[in-house]
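Below is one structure, written out as structure tokens; the observations come after it.
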Amino acid sequence: MKIVDVLGAIKNWSFPYSGPVLRQGLRRDSILAVMLTTVLGTVLILNAIQQLEQQSTLADLVNTAGRLRMLSQRTAYMAYRAADGDADAKRMLSELHDKVDAGLRHVETDGWSKGIFRDPGDVGVAALKSLKARWGEYRELTSSIVAAADSTRRLSQEQVRQLGNGGDALLQASDDMVNVVLARASKMGDRVRLLLPITLVLGLLMSIWTYLYIHWRILKPLALIGQMSDRLAQGDLSVRVTEYRADEFGRLIERMNHNADTIQSLSIAHAEAEQAIRDSELRSRTVWEVSTDAILMIDAEGTIHYTNPAVIDVFGYRTDEVRGQNIALLQPARLREAHKQGFAHYIKTGKRRLNWAGIEMAVLHKSGREVPVELSFAHVSLSGEDWFVGFFRDISARLAAEADLRLRDRAIQATSEGVMITDSRAPGHPIIYVNPALERITGYSADEVIGGSGRVFLGERPDLSEIKELVLLLRERREGTVLIRGRRKNRTLLWIELSVAPVRNAQGEVTHYVSIFMDVTERKRQEEALLRSVNYDSLTGLPNRTLLYDRLHQAIVATARHLRETGVLFIDLDHFKVVNDSLGHDIGDKLLVQVTERLKGCLRENDTLARWGGDEFIILLAEMEHSEDIVLIAQRVLDSLHAPFILDDQEVYCGASIGGSVFPRDGSNPDALLQHADIAMYRAKEQGRNIYRLYAQEMQESIDRRLSLEGQLRKAVDNGELLLHYQPQIELISGRVIGAEALLRWRHPELGMVSPALFIPLAEESNLIVSIGDWVLHTACAEVRRWREMGFADVGVAVNLSARQFMQPDLSARVMDVLACHGVRPEELEVEITESLVMGNPTKTIEVLRQLQEIGVRAALDDFGTGYSSLAYLKKFPVSRLKIDKSFVQDEAIVRAVIQLAFSYGLETVAEGVEDESTLNLLQRLGCDIVQGYFYSRPLPADDFVGFLRAREDRPLSIPVARWGAGPQGVSP
């Protein structure tokens, strides 16, 4: 059997064991190791024996094969001798035949029995067959030759050749057999030599396996067990061997881990028991030491043995001062005997005369005063001895608190505010107490409300919005104050300022509510009256800013909900300040009242008219169905202000500039809507006043530019950026220059020439117009003097006055000072005022114009026809000229009417904006006195105007005169 086969058999070995299954462990491993070693040793020994037997067989076969070769040679030799008649050779030849046959049988028998020949196709079997065949042939040949030799015949040449060939063949077959056997012997030797290193390798592997097995299965667990034992010996009870093993060492480790768990559990339990004892001692000591009650421990004789530190707080003694003393030390003299008898009775009979829990009594303080205490006493038995423990609680504060509580109860009974206490633990929070004041305030008696709900004071239909906060206070269990409307028993209105406070027990749970009722009905009436004064304007009775903001906010919310629009109109009265300053604040107030009445007539049913302040009003158009509504209302307002106002028998004209904004298009909140309406209002003022404008985005940009420009305008006055241009005024009858209108210009260092339409309204609104107006007067008068000095003595100057300048109380004195300063004659100066200015306050206008007339300064009424002049006042105005606005100069009917009106009142007419010859011819034909415009010259700088004067100085009249000295065409002087 080969080693490989043996190993395969061992690999697939299974024990036919029917008994209890062995536990895997060292015992099993030891048995397996012994069995494996025995099997391997047996296999190796058997294999060695087999190899030795085969070696012996092969050696024997080699010898036999060698003898056969030798016998074949001797047979051939004897065959030659027997053929020659040698009787001995013949006899020996027969013996040789028998020996060769025996040798062949031996080789064949041992070869098959010893495994030298494995199958019929084996090389050895073929060599044996060949040898037997050659031997058979040779034996027959030699037998025939020997037989022939008996007849004394000599061998023929052919027989000799056959005998030689047969011998050679037999010898060759013998050699082949020997070679085969030798080859098998060589292979067998190789196997024996190979078996030796295999045996050594297997022995080495067994040694390594034995070492590793001993290390991992024996030494390592022994080391782990040793380490665990060392750490356990050092007190580390948490150590465990976590390696799992299924052998005897595993069982040992498992038992050691279990023992360690048991020891650790016992140790922990012991430690916990010790800690529990310490904690118990600590708690007892803590209670003993930190208790505010004085604790005394006395024996049956009444001697004090132990006390806690609180004894000093209750009795005033230190612990060392009372220890060893009799309890009588702490008892008032009047009570000692009774205490002594009661204690002795209990010691003797074991019966108590009093309940030892919660006895209220007096004890004696070290200072000699008596202290009220609450005493709880206990009888304990320790080591067979009787001990008594007393807990003395100082109740001085409690008694004082009870006295204070009784005092407060009397105070609650006597207070003027109603007090109600409800039980929050019972369903419905029933009333458990009301004081007399609450009975007086509500009209309900205590018997009528106790046990019922506090809702009785709110009436049958309380305002849910008002009690919402009260419900929230009760739900969140917090204190607070709410203002609610209630009802007295007689159903009259009662305003209550209700203060609610929860009452909590020791666990923090709300058990009751204390409610304080304060009757604030009268205060509420006063507040409502005050609120009206806060929310309404005292002069006009209109809502003020505060109320407007609130209504505008509500309107925005409602509009957003209903997907509609809300409009805001910002109304600013034109020239109200002029009226207010000239006629007085009383007249101004009357004007505001009359304006209010007219504005009210312009409103729809749900609109709000509010006074914003001064001469500004706001109209709130709530939930507009159509965007055009705001335009209709704005125009209705303008129309309502067209007629004059009669104020103390004086007619006053007052227009308005209106700006409008619409939610949500122009803003999403009240501030944005009001701001944008204000911006639109200023745009209306810029574009001529007495009109309305709706907000657009570019207006905001314009306002930003306007603010920037205003700041730069203030610097322009000081930086000398202002200048005057002069537009010639031509007398049509003579064609000569009789004067010039001084027009203000601003040369900005970066923007160049700034339009007067931009900066003059800024100057008027920012009060810069007064200082600028003074500068214009001085500059124009200085230029007139220069003209006169240059030979142009008949050329005067016309200066525009703003409303603020014109209404200055000392205007005439200012003008006289300017004239005197520059040496200019009064008749060389003409002041121009607008028609809207004079009609703002006609009486004041007449007064100022007469003052100017008295000092010799002429006045011209500018932009005539653009306002609402009253002919009755026009006749009274001391003006010398009417200026026809350039927008009318091409309308023949208007120009004719103005010229005829002026001629009727003895006034000259000045036409502005004459830009072509046809217009000039029309004005000449209609009898206009003076013209100015681009047909003659644009406004010129001072030096250029002088050049213009010089160019026309000797120029002949180029304009034909229709009627010299006559009035207007078709009008008789």
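Tabulated values for the structure
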read-out	value
Amide H contacts under 5 Å for residue 739, placed H, 5+ residues apart	729, 796
Surface share of carbon and sulfur [accessible, 1.4 angstrom probe, percent] for the chain	54 percent
Zero-based 5 Å bins, Cα pair distances in region 707-954, whole percents	1, 6, 14, 17, 19, 18, 15, 8, 3, 0, 0
Percentage, to the nearest whole number, of Cα pairs in region 415-526 over 17 Å apart	53 percent
Whole-Hz ³J(HN,Hα) from phi, Karplus 6.51 cos²θ - 1.76 cosθ + 1.60, for region 97-102, glycine and proline x	4, 5, 5, 5, 4, 5
Ranked packing of 336-349, 568-581, most packed first, by mean Cβ within 10 Å	568-581, 336-349
Subset of 577/685; 99/132; 844/876; 577/600; 577/715 violating a 18 Å alpha-carbon distance limit	577/600; 577/715
Region 287-399, accessible area per residue, ligands and nucleic acids excluded (1.4 Å, Å²)	58 Å²
Segment residue 98-residue 32, length gained on full extension (0.36 nm per residue, minus Cα span)	18.0 nm
Degrees, to the nearest 10: 220-233 long Cα axis against longest axis of the chain	50 degrees
Distance between modelled label sites at residue 505 and residue 479, nm, 7 Å Cα→Cβ extension	2.1 nm
Computed magnitude of the charge dipole of region 415-526 (debye, nearest 20; Cβ of K, R +1, Cβ of D, E -1)	300 debye
Overall form of region 535-695 per C-alpha gyration tensor (a/c, 1.5; a/b vs b/c)	prolate
Linear extension gain, residue 918 paired with residue 747, 0.36 nm per residue minus alpha-carbon span	58.2 nm
Inter-centroid distance (Cα atoms) of region 168-195 relative to region 642-686, Å	141 Å
Set of aspartates and glutamates near residue 883 by C-alpha distance (under 13 Å), chain-local residues within fewer than 8 positions excluded	741, 830, 832, 835, 862, 863, 908, 912, 929
Amide H contacts under 5 Å for residue 503, placed H, 5+ residues apart	511, 512, 513, 514
Spin-label model distance (nm) - residue 492 vs residue 160, 7 Å beyond Cα toward Cβ	18.6 nm
Approximate spin-label separation residue 672-residue 455, in nm, with each point projected 7 Å along Cα-to-Cβ	4.5 nm
Gap separating the Cα centres of region 456-499 and region 255-290, nearest whole Å	61 Å
Derived scalar couplings ³J(HN,Hα) [region 125-134; Karplus, 6.51 cos²θ - 1.76 cosθ + 1.60; whole Hz; x for Gly, Pro]	5, 5, 5, 5, 4, 4, 5, 5, 5, 5
Mean Cβ neighbour count within 10 Å, used as a protection proxy, ranking 641-653, 901-913 highest first	901-913, 641-653
Angle between the chain longest axis and helix 768-789 axis [Cα atoms, degrees, rounded to 10]	50 degrees
Which of 73, 225, 624, positive extreme of dipole for the chain (C-beta unit charges)	73
Within straight-line cross-link reach of residue 340, lysines at Cα separation under 28 Å, skipping those fewer than 8 residues along the same chain	348, 351, 366
Förster radius 56 Å - calculated FRET efficiency between residue 266 and residue 362, Cβ distance, rounded to 0.05	0.50
Rg/Rh for the chain, where both radii come from Cα atoms and Rh is the Kirkwood radius	1.53
Computed E for residue 46/residue 193 - FRET, C-beta separation, R0 30 angstrom, nearest 0.05	0.95
Residues of region 535-695: accessible area per residue with a 1.4 Å probe, Å²	43 Å²
Degrees separating the helix 585-600 axis from the principal Cα axis of the chain, which is the longest one	60 degrees
Spatially proximal aspartates and glutamates relative to residue 524 (Cα-Cα < 15 Å; intrachain offsets below 8 disregarded)	466, 497
Pairwise FRET efficiency - residue 416 versus residue 279, Cβ, R0 = 45 Å, nearest 0.05	0.20
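The values are calculated or read from the model by the stated rules, or taken from the named source; none is laboratory data. In this text the structure is predicted, and so the values were computed from the model without any measurement. Cβ sites come from the backbone with ideal geometry, for glycine too, and all protein chains shown count toward neighbours. These accessible areas exclude ligands, DNA and RNA; they are computed on the full protein's heavy atoms, side chains included. Shrake-Rupley method; radii C 1.70, N 1.55, O 1.52, S 1.80 Å.
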